[in-house]
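What follows is a set of notes on a single structure, which appears directly below.
The values are calculated or read from the model by the stated rules, or taken from the named source; none is laboratory data. Quick caveat: nothing in here was measured; it's all calculated off a predicted structure. In this analysis, Cβ positions are derived from the backbone assuming ideal geometry, glycine residues included, and neighbour counts consider all displayed protein chains. SASA here: full protein model, heavy atoms, side chains in, ligands and nucleic acids out. Shrake-Rupley method; radii C 1.70, N 1.55, O 1.52, S 1.80 Å.
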Amino acid sequence: MTNGQVRYGAIRSAGELGRLTRAHRKQRKLTLETISGLGNLSTRFLSEFERGKETAELGKVLLALHTLGLEVVIQPRGATPARSAPTRVNQRHA
């Protein structure tokens with residue numbers, strides 16, 4: 001995240017995910033309060049998530065990412081980044 005540009009890519013820790021999320025939010029000039037209101041999430045949760053809290057609730061993390069216009073893509077390590085539409089998992093059989 002140099003020169004004001006956010007570097008997207010592989011995430012290997014809660015801290016990395018939080019830092020990337022914060023940089024993306026700030027680049028879009030959004031406040032924690034704005035995201036809180038849009039996603040019905042507390043500013044405390046968002047702040048802790050951005051600081052890399054390892055026990056952050058996954059559902060809330062995904063909601064925060066969605067609210068910010070980000071998505072999670074799962075692929076094998078070392079694979080070429082996915083460019084196609086996301087695969088949906090049938091939750092009844094997952």
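Structure summary
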| item | result |
| --- | --- |
| Residue in the stretch 6-15 that is open to solvent by less than 70 Å² (accessible area, probe 1.4 Å), closer than 15 Å to His66 by Cβ and aliphatic (A, V, I, L, M) present | no |
| First in the stretch 28-40 and in contact (Cβ under 8 Å) with a residue 24 or more places away in the chain, second anywhere and hydroxyl-bearing (Ser, Thr, Tyr) and surrounded by 12 or more Cβ atoms within 10 Å (Cβ to Cβ), Cβ under 9 Å, 6 or more apart | Ile35/Thr43; Ile35/Thr67; Leu38/Thr67; Gly39/Thr67 |
| Residues within the stretch 33-69 that are outside any helix (DSSP H, G or I) and open to solvent by 40 Å² or more (accessible area, probe 1.4 Å), tallied | 8 |
| Tabulated pairs, the stretch 57-82, first under 18 Å from Asn40 (Cα atoms), second surrounded by fewer than 10 Cβ atoms within 10 Å (Cβ to Cβ), C-beta under 7 angstrom, 6+ apart or interchain | Leu65/Glu71 |
| Scan of the stretch 16-32 for residues that are open to solvent by 70 Å² or more (accessible area, probe 1.4 Å) and in a loop (DSSP other than H, G, I, E, B), ordered by number | Arg28, Lys29 |
